[in-house]
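Chemist: Structure below; questions to follow.
The values are calculated or read from the model by the stated rules, or taken from the named source; none is laboratory data. All values reported here derive from a predicted model rather than from experimental measurement. Cβ atoms come from the backbone with ideal geometry, glycine included; neighbour counts cover every protein chain shown.
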Amino acid sequence: MERETKTEGEPGHGPALPYTKALLEHFVNPRNVGELSEEETDGFGLVGDPGCGDQMKLWISVSDERIQKIAFKSFGCPGAIATSSALTTLAEGRTLGEARRITDDDVIQLLGGIPEHKRHCSLLGVRALQAALEDREKRLQQKATRP
Amino acid sequence: MERETKTEGEPGHGPALPYTKALLEHFVNPRNVGELSEEETDGFGLVGDPGCGDQMKLWISVSDERIQKIAFKSFGCPGAIATSSALTTLAEGRTLGEARRITDDDVIQLLGGIPEHKRHCSLLGVRALQAALEDREKRLQQKATRP
Amino acid sequence: MIYLDHNATTPLHPQVLEAMATCLREHWGNPSSPHSLGNQARLVMQRARERIAESLGCGPSEVVFCSSGTEADNLALRGVARALRARGDHIVTTAIEHHAVLHTCDALEEEGFRITRVPVDPQGVVDIEALHRSLTDQTILISVMHANNETGVLQPVEEIAGMAARRGIPFHVDAVQTAGRLPFRLRDLGAGLVSLSGHKLYGPRGAAALIVREGTPLQPILTGGSHERGLRAGTENLAGLVGLAKAVELAVQDAAQESRRLEGLRDHLEERLVSAIPGIRLNGAQARRVPNTSNVTFPGVDGESIILGLDLAGICVSTGSACSTGEPEPSHVLREMGLSRRDAQGSLRLSLGRSTRQEDLDLTVQALADTVARLRRITSV
Amino acid sequence: MIYLDHNATTPLHPQVLEAMATCLREHWGNPSSPHSLGNQARLVMQRARERIAESLGCGPSEVVFCSSGTEADNLALRGVARALRARGDHIVTTAIEHHAVLHTCDALEEEGFRITRVPVDPQGVVDIEALHRSLTDQTILISVMHANNETGVLQPVEEIAGMAARRGIPFHVDAVQTAGRLPFRLRDLGAGLVSLSGHKLYGPRGAAALIVREGTPLQPILTGGSHERGLRAGTENLAGLVGLAKAVELAVQDAAQESRRLEGLRDHLEERLVSAIPGIRLNGAQARRVPNTSNVTFPGVDGESIILGLDLAGICVSTGSACSTGEPEPSHVLREMGLSRRDAQGSLRLSLGRSTRQEDLDLTVQALADTVARLRRITSV
Ligand SMILES: Cc1ncc(COP(=O)(O)O)c(C=O)c1O
Ligand SMILES: Cc1ncc(COP(=O)(O)O)c(C=O)c1O
C-alpha cells in the first residue's frame, strides 16, 4: 500500500518516485551524519552485515539521562539513509527511557510511509540505537567495576 | 509464392484474396456445370472421397475422336470448383490425345496460379478427366465384345 | 464491409487505441527499472491490474498478464500439471476445447500425463455425468471452456466448479469467448484459473490474462525475471496491458445491454436464415449459448466456397474451426456433436459484435441464400 | 529528462508508432481467418517477416515471432532440450547470462538435465577453454549471450559457433542486446538459434523473435493453433510484429553509424568519469564491448542511492541487475567477474542511446560527482 505513496509534481524529478516527500527530504539532507569523537561517545552501535552492504554505525552522547548528541553513518540504500536520519531526529534530546521505546513504526510514521520492501531498513536504525544504548550500559558497568 | 497472388482493387471484395482474378472468375461463373444425359455420355469419371467432401464427377461426350461436350459437378472448395471449370474449358473440343496430355500445370497456368495448399484440387479435375477417358475405353471394349 | 467473425477477432475500441497510444508515448519506461520512468510505468501497470480485477471481480494480485489466450491456457494446464505432478497424473477436459487446450493436453500426454476428453451431447454440451465419473483421486486438474468458440454453446462450468471444489481439484475455465461478453463475475464461475484474451473483446492482441485465484498451485512456463509474482517472466507489454484493462472495463460495462441487443439480432438472423434457405440446420441452438454466435450447416455445399462467395459480396465470415496452413480442417467440435465430416465441412459460424446492425444481417441472409443456391447447382452430392 | 538506461528499454521510434497505429486501425483481421480481412493481415505479417529476414540476413520462414526476449530464450532452451532429450541431457551456458536463460536452465535442471555454467574472466569474458572442455557427447545445446546486458562485454560467439558446428551441437545466441545495435549479419554469428526483442531497439514491447535456422531441432513451448509453422501457438500480435519489423529495419540501417557515434560518446563519458570521481573502476572496459554501455563501480557507496540521487536531478540510470520486488539484488554478473558483494552493490550501468547527446553526459558526470561525494560523507565503510 505504502508503495503507491508518491511525490507527484515535485520539481526536479519524475512524478512517480515510490518515496514520500519527507523520506526524500531526509535522503537529500540527512540529519546528524558523521561520527562523535571518542571523548563525546557514551555509546556506539554497529548493526548490519558490512559484507552485504547493509550496515549502520551510530554514536550517542548522553548526559542527564538524555541523548544530547547523536550521529550516524550508513553504507546504505535510500531507505537506510532516510530512516537512520529520521531516527536520529526522533532520538535527539530524548530521555534514555523514551529512546528505548522508539520503534520502527515511529520512524515510518515520521517519514509518512515507506515502500514495503524497504521496511527492514527502518529496523536497522532502531536496532543500531538500541545497540548504542546497550553499549552505554556496558561501558557504565565497566567503569563501575574498574577501580 | 503463388499464395501472394492477389486481386487488388477488384470491386466488391477485399484487396487481399489469395486467388487470382482468373480463378475467381471461374469460381463465380464456372463453365460446363451440370450433368450429361445418359445418351450423351460416352465416359464418366468420379474421383475423390465423397465422405471427405472432396469429390468430383465429370461427364464427356465424344465423337470424331474429340470431346464434344463436357460437364462436371463438384462438392468442393473454391479451388476445386475453379480448377474443374478451367479443366473443362481446356478439354472441350480437344482430341482425345490432346485431352490425355492435359496436366494440372496446364490448369494452374490457365488460372494464373493457385495457392500452394490448393494445388491438390487441380489434380482432382485432371484425374476425373482421365477417369472419364478410361471409362470411355472400357465402354467401347464392352460394346465391341457384346454380340 | 460487413464483419461477422467477432469470435475470431475484434477491432480495437477507439478508446483502447487512445489509451495505448498515450502509454506508448509517455509511459514507456520498464516497470522493473529503479528510476522514476520505471516507477511511473509500474504505477500504470498496477492501475491496469486493478481495473481488470475490479471489472471481473477478483484481486489485483490474482491477475497474471500473458501474451495471448493460448499462452494463458498453456500456463493454466502446464503450470498446474507441473505443480501437482507429485499428487497425480490425471487431467480431465472436454473433446470440444480450443486447440490451445486440446493440443496442450496432447503434449502433456506425451510427457506421461493421462488425459480424459469428455464427450458432448448433440447440442454440444459436455456430458457432465461422464465428467463426474472420470474423476479419480489422481485427477489434478479439470479444464472446461465457458463457451465454445465455434457454436457459442455454454458449458455447465458452475456445476463442474462445485464438483471440483468438493474434491479439491483445481478447475480451469477458458473464458476467452465470454469474458467481457457475458455479464458474469469471476467469483460466480467458481474456477481457480480463468483465461481471457484482449483481442476477443475489442482490446489489443498480444495482451491477455490468466486469473489465478489465491491458493491455486501453479508453476511458471516462462522463466526469467520475477515479473507477475514469479508466474510469468518477460518485460511486460505495458501498452498492451493498458489496452487490455481499458477494453475489459468498457466491455464489462456494456456486457448486459450489448448481450441483450446481440441476442435479439442473432435470433432475427436465425429466423431469416431458416426461412430463406431450405434444408439448413442450426448447431447447438437448443442449448444455452452466448448471444452473438450462430453455427449453421448447409448440407451439400462446402463452407470454404460459401465464405468466398460472401467475401466477394463484402461479407466476412468463417467456419470458426482451425485453418492450419490455409486448408480448413473439418471442425472437431461439430464432429464431436455427431455431424458427418461432410456436414462439418458445410458449416459456417456467424459471430456478431458491436458494429453489427440488423440491415447487415438482412444483407447477409440474402447473400447467403444466393451463394448457397449457386453452389447447390454445382454440387455433386 | 536524461535517459541513460537504454539497455533496460528504449522509447518507440516515431515511425514504429506510426506503423503500429496504421496496422491497429486498418489491418486488424486475424491472420488465420479465411476471408479478405484475414488474408490482408496474413500478407502484412508475411511482409513483416520478410523485412526482418532481409535486415538480419536469414530466411523469412526462419523468423519465429514471440512475445518477449524472455520467451524467445525459453523457447530456444526448453524447445531444444525437449527436441533432443533422447540424444543427451547436457546443456552448456555461461554464468553471466540473463535470468531468462539462467533461470530457465535452473528449471531444466529440476527436470533432470545437467547444466554447465561456464565462468568468466575478470573482464567478464567467458572462459572459452573451460567451455570447450565441458562439451561431452551428451551435450545437446550451447547457449551464450552475444553481449552482456550489464557490462556490454561481447562474448566470442563466432568461435563458440565453430566449436558447436564441428560437434553438431545446436548453438543459441541471446542477441537481445546486440540485434539492431551492432552491424552484424545473422549468418556471421553462426548460431542455429538467435533471440532478439523489440523494446531494446526502439520497437514495441510484446514483440520479439527467435530466429531458428533451418534444420535446428525445436519443440514448441506454447501449443495450440499451428501459427509460426507450429513452433509458437497463439493469435499473432500483428501490430507488434509490424512495429518490430519497422524497428529492426530502422535499427539495422543505422547500426554502423550509430554505434560509432555512441562509442565516441561512451569513451568521452568514461574519461570524464575517471577524472571527475576518484577511486571508481570501469568494469569490463578492457574487453570488446557494445559501444553504448558503461559499467562503473563506486566503492563504498550504494548503487540504489546513487540512482535516486541522479533521479532527483532528472537523470535515469540503473544498476542493470535484476530488481525483483523492488529490492535490487547484487549483480550475479559482477560477482562472477570477481567483485565483492559490496562493490557489486556500488555499481551502476550507464547505457546510451539514440537520444544521447554529449551535453547530457557532461551533466550526468557532474551530477554523479556531486551525488557520490555526498554519499561518501555518509558512508560507514
Ligand atoms: C475458446 C478459446 N480459447 C483460446 C483461444 C486462444 O486465444 P488467442 O487467440 O488469444 O491465442 C481462443 C481464440 O482463438 C478461443 O476462442
Ligand atoms: C541479454 C538479455 N536477454 C534477455 C532479455 C529479456 O528480454 P525481454 O525484456 O524482452 O523479456 C534481456 C532484457 O531484459 C536481455 O538484456
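Chemist: Here is a list of conditions, (1) more than 14 Å from chain D (Cβ to nearest Cβ); (2) on the phi < 0 side of the Ramachandran plot; (3) more than 16 Å from ligand 1 (Cβ to nearest atom), and C:LEU182 meets all of them except one; can you say which number that is?
Modeler: So C:LEU182 meets the others, but not (3).
Chemist: Just to verify a result, which residue in the stretch B:14-29, among those that are assigned to a loop (DSSP other than H, G, I, E, B) and free of Cβ contacts under 8 Å to residues at least 60 places away in the same chain, is farthest from the other protein chains (Cβ to nearest Cβ)?
Modeler: Among those that are assigned to a loop (DSSP other than H, G, I, E, B) and free of Cβ contacts under 8 Å to residues at least 60 places away in the same chain, it is B:ASN29.
Chemist: Would you mind telling me which numbered condition in (1) at pLDDT below 95; (2) β-branched (Val, Ile, Thr); (3) crowded, with 20+ Cβ neighbours inside 10 Å D:VAL333 fails?
Modeler: Among (1) at pLDDT below 95; (2) β-branched (Val, Ile, Thr); (3) crowded, with 20+ Cβ neighbours inside 10 Å, D:VAL333 violates only (1).
Chemist: Return a yes/no flag: does the stretch D:227-239 have any residue that is buried (at least 21 other Cβ atoms within 10 Å of the Cβ), assigned to a helix (DSSP H, G or I) and assigned by TED's automatic domain parsing to the domain that holds D:ARG354.
Modeler: No, the stretch D:227-239 contains no residue that is buried (at least 21 other Cβ atoms within 10 Å of the Cβ), assigned to a helix (DSSP H, G or I) and assigned by TED's automatic domain parsing to the domain that holds D:ARG354.
Chemist: So how many residues does the stretch D:25-55 have that are away from chain B (no Cβ under 12 Å) and aliphatic (A, V, I, L, M)? If you could, list the steps in order and put the result at the bottom.
Modeler: Going residue by residue through the stretch D:25-55, those that are away from chain B (no Cβ under 12 Å) are D:25, D:28, D:30, D:32, D:48-49, D:51-55.
Those left that are additionally aliphatic (A, V, I, L, M): D:48, D:52-53.
The qualifying residues number 3.
A quick yes/no check of all residues on (1) within 29 Å of C:ALA86 (Cβ to Cβ); (2) surrounded by fewer than 17 Cβ atoms within 10 Å (Cβ to Cβ); (3) within 14 Å of ligand 1 (Cβ to nearest atom):
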{"site": "C:GLY124", "(1), (2), (3)": "no, no, yes"}
{"site": "C:ASP137", "(1), (2), (3)": "yes, yes, no"}
{"site": "C:ASN148", "(1), (2), (3)": "no, no, yes"}
{"site": "C:ILE160", "(1), (2), (3)": "yes, no, no"}
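Chemist: Select from the stretch C:200-242 the residues that are hydroxyl-bearing (Ser, Thr, Tyr) and either within 16 Å of ligand 1 (Cβ to nearest atom) or within 26 Å of D:ASN30 (Cα to Cα) (or both) and list them in ascending order.
Modeler: Narrowing the stretch C:200-242 to residues hydroxyl-bearing (Ser, Thr, Tyr): C:202, C:216, C:223, C:226, C:235.
Correct list: C:TYR202, C:THR235.
Chemist: Still on this model: Hand me the list of helices (runs of 4 or more DSSP H) wholly inside the stretch A:55-147 holding 1 or more residues that are on the phi < 0 side of the Ramachandran plot and over 13 Å from the mean Cα position of the chain (by Cα). Step through it out loud before you land on a result.
Modeler: Working: elements: A:78-91, A:96-100, A:104-110, A:119-145.
It comes to A:96-100, A:104-110, A:119-145.
Yes or no, residue by residue, for (1) within 11 Å of ligand 2 (Cβ to nearest atom); (2) without any contact (Cβ under 8 Å) to a residue 40 or more places away in the chain; (3) within 13 Å of the chain's Cα centre (by Cα):
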{"residue": "D:GLU71", "(1), (2), (3)": "yes, no, yes"}
{"residue": "D:LEU84", "(1), (2), (3)": "no, no, no"}
{"residue": "D:GLU111", "(1), (2), (3)": "no, yes, no"}
{"residue": "D:PRO119", "(1), (2), (3)": "no, no, no"}
{"residue": "D:GLN123", "(1), (2), (3)": "no, no, no"}
{"residue": "D:LEU135", "(1), (2), (3)": "no, no, no"}
{"residue": "D:LEU154", "(1), (2), (3)": "no, no, yes"}
{"residue": "D:GLN177", "(1), (2), (3)": "yes, no, yes"}
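Chemist: Filter the stretch D:119-142 down to the residues that are assigned to a helix (DSSP H, G or I) and either assigned by TED's automatic domain parsing to the domain that holds D:ASN295 or among the aliphatic types (A, V, I, L, M) (or both) and list them by number.
Modeler: D:ILE128, D:ALA130, D:LEU131, listed by residue number.
Chemist: Considering C:ARG166, C:ARG181, C:ARG133, which residue is charged (D, E, K, R), out of contact with any Phe, Trp or Tyr (no Cβ under 8 Å at 6 or more places or on another chain) and under 29 Å from D:THR235 (Cα atoms)?
Modeler: Answer to the check: C:ARG181.
Chemist: Can you pull out the residues in the stretch D:75-103 that are of a type outside the set (Gly, Ala, Ser), part of a helix (DSSP H, G or I) and either modelled with pLDDT under 95 or in contact with a Gly (Cβ under 7 Å, 6 or more places away or on another chain) (or both)?
Modeler: Result: D:HIS99, D:HIS103.
Chemist: Here's a follow-up. Among the residues of the stretch D:205-224, which ones are under 17 Å from the mean Cα position of the chain (by Cα) and facing another protein chain (nearest Cβ under 8 Å)?
Modeler: Result: D:ARG205, D:GLY206, D:ALA207.
Chemist: Which of (1) in contact with a strand residue (DSSP E or B) (Cβ under 7 Å, 6 or more places away or on another chain); (2) buried (at least 24 other Cβ atoms within 10 Å of the Cβ); (3) assigned to a helix (DSSP H, G or I) is the odd one out, the single condition C:GLY284 does not satisfy?
Modeler: Going through (1) in contact with a strand residue (DSSP E or B) (Cβ under 7 Å, 6 or more places away or on another chain); (2) buried (at least 24 other Cβ atoms within 10 Å of the Cβ); (3) assigned to a helix (DSSP H, G or I) one by one, C:GLY284 breaks only (3).
Chemist: Can you pull out the residues in the stretch A:30-48 that are touching a residue at least 24 places away in the same chain (Cβ under 8 Å) and surrounded by fewer than 18 Cβ atoms within 10 Å (Cβ to Cβ)?
Modeler: Residues satisfying the conditions are A:ARG31, A:GLY34, A:GLU35, A:GLU40, A:LEU46.
Chemist: Of everything in the stretch C:287-303 that's surrounded by 15 or more Cβ atoms within 10 Å (Cβ to Cβ) and more than 18 Å from C:TYR3 (Cβ to Cβ), which residue is nearest to the other protein chains (Cβ to nearest Cβ)?
Modeler: Restricting to residues being surrounded by 15 or more Cβ atoms within 10 Å (Cβ to Cβ) and more than 18 Å from C:TYR3 (Cβ to Cβ), the top hit is C:ASP302.
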